[in-house]
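To start, the structure under review is shown below, and the notes come after it.
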Amino acid sequence: MLAAIKTIETGTREEILQHLSQSNLIEHDPDNNTLLHYACLAGNLSAVNVLIEAGFYVNANNVDGHTPICDAAANGSVEIIRALIRGGANVNPLAYWGSPLINAVKNGHYDAMVVLIDAGADVNACDRKGFCPIHVSVKDRFYSAAEYLLMAGADPNKRVRLTTALHIAAELRDLKMVRLLLRYGAFPSPADYRGRRPIDFVEEDSSIYKLLSAYTG
């Protein structure tokens, strides 16, 4: 398997084809990662195309439920994502650490995020801890991603442990993000698990406090 991985990561098309002629399509490591996972991790588009053409299963999941498109999204490999989608990849696999969309947002890959959403990625799908793409984009101050997600239908009032994106933005004192969330319908005064409202995270003389006060009356 190690020799196969090296070939997939750095080999030419001919070298990959030569290896495939001597192996099988169900080869995987102890964590159930296939050669297609490794090709996506390496960002090797040529290898990805060869493996798809050879019949590798594009929706093979490892022990965490991650499919190759999760790795491609985490790397921001737009052309690989497109190749996988053309090959039948599910853009909404049930992965432990989050969907391909969450992986793209978490790693700052705007273009990959757009491609996934355009292909039908669920903008409100959360990971197993309850974090959705909108929470991640706000936490990371990824404004352009947050705006695109909201335009694509992300729910600004989704909660993770009763915390909304507006709580996160307020705690970060991110006025621009607070304005964005309110513009897209964020409830101005939801209570989190400790009963705190977004306004409770900011100083009374701050711009965010004044803005939230205007929304809550």
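A few notes on this one:
- Over the range 124-217, equivalent-ellipsoid semi-axes from the Cα gyration tensor in Å: 20, 15, 11
- Among Val58, Val91, Val202, residue whose mean-square fluctuation peaks in a GNM of the chain (springs only between Cα atoms under 10 Å): Val202
- Chain lengthening between Asp111 and Tyr215 when straightened (0.36 nm per residue, less Cα-Cα): 34.1 nm
- Among Arg173, Arg141, Arg161, residue whose mean-square fluctuation peaks in a GNM of the chain (springs only between Cα atoms under 10 Å): Arg161
- Each Lys or Arg adds one and each Asp or Glu takes one away; over the other residues whose Cβ falls under 14 Å from the Cβ of Ala54, this sums to -3.
- Entry note, the chain: relative contact order of 11 percent, from Cα contacts under 8 Å with a spacing of 6+ residues.
- Taking Val105, Val115, Val138 in turn, the Gaussian network model of the chain (Cα-Cα springs below 10 Å) assigns the largest fluctuation to Val115.
- Calculated on the alpha-carbon coordinates, the convex hull of the chain measures out at 106 cubic angstrom per residue.
- Centroid-to-centroid separation of the range 166-217 and the range 87-155 [C-alpha atoms, Å]: 23
Each value in this text was obtained by applying a stated rule to the coordinates, not by laboratory testing. Because the structure is predicted, anything quoted here is derived from the model rather than measured. Note: ideal-geometry Cβ built from the backbone for every residue, glycine included; neighbour counts use all protein chains shown.
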